[in-house]
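For reference, the structure discussed in these notes is given below.
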Amino acid sequence: PGGPTPIVQGIKQPRWLATDGRTLYISVRRLTRGTDPEPDDESVEPEAILALAPDGVLSVFADGFDHLQGVAVRAGFVYAVTTGPRGVHRDDGVVYRISVRPDGRAGLIVALPAGAAARVTTNQLARA
């Protein structure tokens, strides 16, 4: 009574939220079964983007990211800012554009070239 009402429970370390007005995308750590690493140790498990559909169904939208730093949605695409896929060492970051299929599942995942990623700024995504 009177307090916040949770819409999702039981997820580990949610970080970033983005919505297209219907689906809520949530970045989380996807823990290896039977482990519970230190809260700040991002090296031990991959990170994922979950999708909370309008009917309340929560599913894995995309996973296997390393150091997921942000999520945004615009014009039928989810953008994930990360250091790359899990297990691939990179010194720089990368922006992935993930198409959203008509059924709500992730479609093609494309790493944007450095110049294109620079043009897709946080402010542009926020206006979507």
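All of the numbers you see were taken from the coordinates with simple rules; none came from a lab. None of the values given here were measured: they were computed from a predicted structure. Note that we place each Cβ from the backbone using ideal geometry, even for glycine, and neighbour counts take in every protein chain shown.
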field: Computed FRET value (nearest 0.05) for residue 7 with residue 69, which takes r as the C-beta separation and R₀ as 22 Å
entry: 0.40
- request: May I ask you to derive the FRET efficiency for residue 22 and residue 111 from their Cβ-Cβ distance with R0 = 22 Å, giving the value to the nearest 0.05?
  value: 0.25
- request: Sort 54-65, 5-16, 72-83 for me by packing, meaning the mean count of neighbouring Cβ atoms within 10 Å per residue, highest on top.
  value: 72-83, 54-65, 5-16
